[in-house]
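Some notes on the structure that comes next.
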Amino acid sequence: EQVDAAFELVRSLGAEILDGPGEFPFGPGGYYAFYFLGPDRMKFEIVHMPLAEQNYRQMIDALERGSR
């Protein structure tokens, strides 16, 4: 949902969309992204990787438990 919202914003600002939004075969556990060119013609990517998010949340939970 956040990737799609970012896509709509970027598109409404007139950026050149290169690909997506959609699923790409780059990451285990899913990889939903879109690519666009910024005003200086640099390529940007907005991505959601569910497995990376899950691993991040587990790491934060472990750190929080260790600080108690």
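The values are calculated or read from the model by the stated rules, or taken from the named source; none is laboratory data. On a predicted model such as this, the values are computed, not experimentally measured, just so you know. In this analysis, Cβ positions are derived from the backbone assuming ideal geometry, glycine residues included, and neighbour counts consider all displayed protein chains. Remember, those area values only see protein heavy atoms, side chains included, never the ligands or the DNA or RNA. Shrake-Rupley method; radii C 1.70, N 1.55, O 1.52, S 1.80 Å.
Within region 20-65, track down each residue that is on the phi > 0 side of the Ramachandran plot and of a type in the set (D, E, K, R).
Correct list: ARG41 only.
Within the bounds of region 4-15, is there any residue that is open to solvent by 80 Å² or more (accessible area, probe 1.4 Å), assigned to a helix (DSSP H, G or I) and of a type in the set (Ser, Thr, Tyr)?
Looking for residues that are open to solvent by 80 Å² or more (accessible area, probe 1.4 Å), assigned to a helix (DSSP H, G or I) and of a type in the set (Ser, Thr, Tyr), one finds at least one in region 4-15, hence yes.
Suppose we keep only residues that are open to solvent by 100 Å² or more (accessible area, probe 1.4 Å) and part of a loop (DSSP other than H, G, I, E, B) within region 16-31. Which one would you say is farthest from MET42 (Cα to Cα)?
PRO25
Could you please find all residues in region 34-68 being open to solvent by less than 60 Å² (accessible area, probe 1.4 Å), over 21 Å from GLU23 (Cβ atoms) and assigned to a helix (DSSP H, G or I)?
ILE60, ALA62, listed by residue number.
Check ALA62, ALA52, ALA33, ALA5 and return the single one that is touching a His at 6+ places or on another chain (Cβ under 8 Å) and either among the small types (Gly, Ala, Ser) or in contact (Cβ under 8 Å) with a residue 60 or more places away in the chain (or both).
ALA33
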